[in-house]
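Participant: Encoded as structure tokens, here's the structure I'll be asking about.
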Amino acid sequence: MATEQSLPRRERRPSTSAPIVDIQGSVGPAGISRPKHRRTFTGFGAGEIKSVEASIPEPQREAWLKHQVGGFKDKDGFESNFVRHIETTLARSMFNCDETAAYAACSLAFRDRLILEWNRTQQRQTFADSKRVYYLSLEFLMGRALDNAMLNIGQKELAKGGLSDLGFRIEDVIQQEHDAALGNGGLGRLAACFLDSLASLNYPAWGYGLRYRYGIFKQEIIDGYQVEVPDYWLDFNPWEFPRHDVTVDIQFYGYVHKSTDENGKATARWEGGETVKAVAYDVPIPGYATPSTNNLRLWSSKAASGEFDFQKFNSGDYESSVADQQRAETISAVLYPNDNLERGKELRLKQQYFWVAASLYDIVRRFKKSRRAWREFPDQVAIQLNDTHPTLAVVELQRILVDLEGLEWDEAWNIVTNTFGYTNHTVLPEALEKWSVPLIQHLLPRHLQIIYDINLFFLQSVERAHPGDRDLLARVSIIEESQPKMVRMAYLAIVGSHKVNGVAELHSDLIKTTIFKDFVTIFGPDKFTNVTNGITPRRWLHQANPRLSDLIASKTGTHDFLKDLTLLNKIELSVDDPAFRKEWAAIKLANKARLAEYIKTTTGIVVNPSALFDVQVKRIHEYKRQQMNIFGVIHRYLRIKAASPEERKKFLPRVSIFGGKAAPGYWMAKQIIHLINSVGSVVNNDKDVGDLLKVVFLEDYNVSKAELIIPASDISEHISTAGTEASGTSNMKFVLNGGLIIGTCDGANIEITREIGENNIFLFGNLAEDVEDLRHAHNYGQHTLDPDLVKVFEAIEKGTFGDSKDFAGMITAVRDHGDYYLVSDDFQSYLETHDVIDEAYRNQEDWITKCITSVSRMGFFTSDRCINEYAEGIWNIEPLPIETAEPEKINS
């Protein structure tokens, strides 16, 4: 028998008998890779829903009602739902159920319950057929959803007991959730707070945003540098519902075909180009202590032709067989793609139009189901533009009404301007969005024509009111006459809205006297208003700091202050109660110990919880002046090093904590992060310094990390150059959690001072009215650097913290390029104020009094108050009474 080795080796050989054919002619229809998905939409209008209900036969109705699902009512019901999801949804058992699986099952159990209220809320809103508000924001920084759902439904203690019975700690389960990566800074967190308040106050409202596959980015700190990596937050997300039946085709590029119809009316048709499909994903937003559960609809981009081209694949063109899908998916891949390159700019604009076009299609579709006349559109729909990102919605609605619905221009424009409100978030002229005319011409040719027409009619009206003032026409024109010409999106938003609001009193005054001064002349002061920002106490006190929330409730009698924050004033009566003060201090120390443990676990740095925790966590930007903070830290370090061992005992131990992301293309902000980490690596390892000073940078700052950091703060830094921060909301969060703040007279710091009293806040620096004069003096007069800042620069330049070339940009910006953000001008005042803080902190009795008094006076800064102001002054909408709940209806 032949051995295995001796068997003849069989090789595959090419066939020699294949027929040779000269292939010509097509075997498929031209230009078709696969049939397009047909759009369908859910829901009925208010009029249809009653007739649909009446048409359902009684036996069917009885069967539905008999088997109607109910959420869990008690601990036993929760445990039953939990185990069912473990065993059937997740296909696991008690033997392989880890904390990740426990999070999934717990979330699904709560989601089941939310869904029932969500459906009823949508049905109730459809049935009532009242005016709705639609909040358009490119960011929604939602944070973790499970803890929020438990608290808003009022079942966290029940879940805690149920999870304990099943062998899990609720804290460990909550920690498994990824933050929803749908935002970056205060803009997105404000939008999330507003959604919480809209639901809690029972307003009929929807949010519209984009479903970013990779978020803005996940921040890693490697060798002191920020490195951006994708944020895979969607690996498991039980809080979203794909609506594959709610899709919208979005057009880009192409050309405009103008013609005249049979009535002699000029018409325009946008034709050709590329189509991308928007797919809806819905996220339920539960209100606190109410069954109202509103909706956040996020759009995801897909290739209109499908994700896979079989014909290209079969012809060997494997890469381009998925190219359409890859190109389409980049639209909703990342928040704020780097726009340092032209392709990045085009992607950003594409992103903005994709989102507003899909959202408006949805809003218009919902309105048309009511069969009302178009003139009633503003009576049914209020759309709020959160900053300039959604401004193309103004143009898109005008296009829909004129080109698709056939309305006359003036009638359509009247509808548009009565529908939109615009919230401005910046006084920095360089931060006001502009898009080049050639880019819009290329990407959105019909929209550019409409923008030019809007501008023409607007300037004609200005000329009639202010004849001969050509300078005014140039200043307010939506089209900036530069090279290339630019479209000023903020101006377009003002012209296309009936109300424009700032977000703090100083900010609203500044926009009326600086960047939008001419528009106040044209439209009058009534078009401009102020709504000072606020925060939701449900997340930022009750969820982030439950022990403090319960301590406050022990003095107010109930947790009703979470719905009416002005009730906090009752705790001022207990400011001298020894037991109350002792518990207050114990809670703060416990929160600091928890953060210290997190710092040790994540960075390896050991910090003393009894030291003063000095915190600055926010987006990294020169105007927020993290660079001034780290210069101050260096100054403190140099003082400690220069002191004798005996003198060092007089220093107050301090931990300086930083956190925040720099935009990928923002070089200077990344340099600031590098300096903070470089200083930390020197200071934290200096035996002379020990516990007197620690410097910590916490990577990948997000909402859930904020919930850990904010309750542990003793002093927080809100030190923007006066007149640059529109409002700020983290200042409110820190004070609400019993921390004091050091800040400039900027944004909401001014109103916080007014509410809590000057004795309870540490203000420093120049005032907004002096800033321009100082800048002028820097450039055209004498600019002498602060001597203490010079010492800091010398320490950096001699290599104390690494290669000085790495930090040269920060130094030259102050020393050689005009110090635009007034770091040198404010530095001495900043240092002196920190000395005052040190002295104040040593007197813990007075410090605790300041903290309790501050918290008791924070009632004004709730997002519930903001939403009521918007509803009354801008949107003209009413809350929907819960008593009008109807029996189960078909979902809208």
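The values are calculated or read from the model by the stated rules, or taken from the named source; none is laboratory data. Remember, it's a predicted structure, so these values are computed and weren't measured experimentally. All Cβ positions, even for glycine, are placed from backbone atoms using ideal geometry, and neighbour counts span all protein chains on display. Areas reflect the complete protein model, heavy atoms only, side chains present, ligands, DNA and RNA absent. Shrake-Rupley method; radii C 1.70, N 1.55, O 1.52, S 1.80 Å.
Participant: Ignoring ligands, DNA and RNA, what accessible area per residue does region 727-864 give at 1.4 Å, in Å²?
Facilitator: Working: 5420 Å² over 138 residues.
Accessible area per residue: 39 Å².
Participant: Give me the compactness ratio for region 538-662, meaning the Cα radius of gyration over 2.2 N^0.38 Å.
Facilitator: Details: Rg = 18.6 Å, N = 125, 2.2 N^0.38 = 13.8 Å.
With N residues counted in region 538-662, Rg over 2.2 N^0.38 Å equals 1.35.
Participant: Once amide H atoms are placed 1.01 Å from N in the peptide plane, what residues at a sequence separation of 5 or more from residue 246, or on another chain, have their amide H within under 5 Å of its amide H?
Facilitator: Sorted by chain and number, the residues that satisfy this are 280.
Participant: How large is log10 of I(q)/I(0) for region 783-892 at q = 0.17, 0.21 Å⁻¹ when the intensity is taken from the Debye formula with one equal scatterer per alpha-carbon?
Facilitator: Result of the Debye calculation: -0.96, -1.09.
Participant: Let me ask something else. Taking amide hydrogens as modeled 1.01 Å from N in the peptide plane, which residues meet the under 5 Å criterion relative to residue 697, leaving out close sequence neighbours?
Facilitator: HN-HN under 5 Å from residue 697: 658.
Participant: Semi-axes of region 459-505's equivalent ellipsoid from the Cα gyration tensor, sqrt of 5 times each eigenvalue, largest first, rounded to whole Å?
Facilitator: Numbers: eigenvalues 87, 55, 18 Å².
Over the Cα atoms of region 459-505, the ellipsoid semi-axes are 21, 17, 9 Å.
Participant: Same structure, new question: What are the principal axis extents of the Cα atoms in region 485-542, in Å, biggest first?
Facilitator: Cα extents, longest axis first: 48, 25, 19 Å.
Participant: Pop a pseudo-label 7 angstrom from the Cα along the beta-carbon direction at both residue 790 and residue 227 and give the gap in nm to one decimal.
Facilitator: 4.1 nm
Participant: Cα-Cα over 31 Å: which of 600/624; 649/705; 618/694; 345/592; 265/527; 345/694? Could you put the intermediate results ahead of the total?
Facilitator: Numbers: 600/624 27 Å; 649/705 33 Å; 618/694 19 Å; 345/592 43 Å; 265/527 34 Å; 345/694 40 Å.
649/705; 345/592; 265/527; 345/694, as the Cα separations exceed 31 Å there.
Participant: Expressed as an acute angle from 0 to 90° and rounded to the nearest 10, what is the orientation of the C-alpha long axis of helix 409-419 relative to the principal long axis of the chain?
Facilitator: 40 degrees
Participant: Follow-up question, since we're still on this one. Can you tell me what percent of all Cα-Cα pairs in region 166-276 are more than 25 Å apart? Walk me through the numbers on the way to the answer.
Facilitator: On the way: 3358 of 6105 pairs.
Summing the P(r) of region 166-276 above 25 Å gives 55 percent of all pairs.
Participant: Still on this structure, I have one more. For region 543-592, what does the alpha-carbon gyration tensor say about shape, rounded, prolate or oblate, given a ≥ b ≥ c as the root eigenvalues, a/c under 1.5 as rounded, and a/b over b/c as prolate?
Facilitator: The shape class here is oblate.
Participant: Using just the alpha carbons, could you tell me how many Å³ per residue the convex hull of region 679-733 encloses? Could the numbers behind the result be given before it?
Facilitator: On the way: hull volume 7.3 nm³, N = 55.
Expressed per residue, the convex hull around the Cα atoms of region 679-733 is 132 Å³.
Participant: Let me ask another. Tell me which residues come under 5 Å, amide H to amide H, from residue 296 once H is placed; ignore anything under 5 positions away on its chain.
Facilitator: 207, 283, 285
Participant: Could you run the Karplus curve 6.51 cos²θ - 1.76 cosθ + 1.60 with θ = phi - 60° over region 467-474 and give me ³J(HN,Hα) per residue in whole Hz, x for Gly and Pro?
Facilitator: Those phi angles translate into x, x, 8, 5, 4, 4, 4, 5 Hz.
Participant: Another question about this same structure. Place +1 on the Cβ of every Lys and Arg and -1 on the Cβ of every Asp and Glu in region 261-309, take the dipole about the Cα centre, and give the residue among 283, 298, 263 whose Cα lies farthest towards its positive end.
Facilitator: Positive-most Cα among the choices belongs to 283.
Participant: Once the Cα gyration tensor of the chain is diagonalised, what are the square roots of 5 times its eigenvalues, in whole Å and ordered largest first, as equivalent ellipsoid semi-axes? Mind showing how you got there, number by number?
Facilitator: Values: eigenvalues 411, 261, 223 Å².
In descending order, the three semi-axes are 45, 36, 33 Å.
Participant: Could you run the Karplus curve 6.51 cos²θ - 1.76 cosθ + 1.60 with θ = phi - 60° over region 765-773 and give me ³J(HN,Hα) per residue in whole Hz, x for Gly and Pro?
Facilitator: In residue order, the calculated couplings are x, 6, 8, 4, 5, 9, 4, 5, 5 Hz.
Participant: Answer with one residue from 859, 341, 568: the one whose Cα lies farthest towards the positive end of the charge dipole of the chain, charges on Cβ with Lys, Arg +1 and Asp, Glu -1.
Facilitator: 341
Participant: Given +1 on the Cβ of Lys and Arg, -1 on the Cβ of Asp and Glu, and no further charges, what dipole in debye does the chain carry about its Cα centre, rounded to the nearest 20?
Facilitator: Dipole magnitude for the chain comes out near 1820 debye.
Participant: Quick one: pull the percentage of alpha-carbon pairs in region 592-634 with a separation above 15 Å.
Facilitator: Values: 493 of 903 pairs.
Roughly 55 percent, once rounded to a whole number.
Participant: Mind checking the per residue accessible area of region 516-656 for me, 1.4 Å probe, whole number of Å²?
Facilitator: On a per-residue basis, 40 Å².
Participant: For region 830-844, just list the computed ³J(HN,Hα) in residue order, Karplus coefficients 6.51, -1.76 and 1.60, θ = phi - 60°, integers in Hz, with x standing in for Gly and Pro.
Facilitator: 4, 5, 4, 5, 5, 5, 4, 4, 4, 5, 5, 5, 5, 8, 5
Participant: Let me ask you something else. Report, in cubic angstrom per residue, the convex hull volume of the C-alpha atoms of region 470-575.
Facilitator: Details: hull volume 16.8 nm³, N = 106.
Cα convex hull per residue, to the nearest whole number: 158 Å³.
Participant: When the accessible area of the chain is computed with all protein chains present and a 1.4 Å probe, what percentage of it is carbon and sulfur? The partial results should precede the final answer.
Facilitator: Values: 19640 of 38330 Å².
Accessible surface attributable to carbon and sulfur in the chain totals 51 percent.
Participant: Let me ask something additional. So for the chain, taking the charge dipole from beta-carbon charges (+1 Lys/Arg, -1 Asp/Glu), which of 501, 455, 877 sits furthest toward the positive end?
Facilitator: After comparing all options, I get 877.
Participant: I've got another one for you. About the Cα centre of region 333-407, what is the dipole size in debye to 20, counting +1 per Lys and Arg Cβ and -1 per Asp and Glu Cβ, all else neutral?
Facilitator: Working: 12 positive and 10 negative charges, 70 e Å.
I would put it at about 340 debye.
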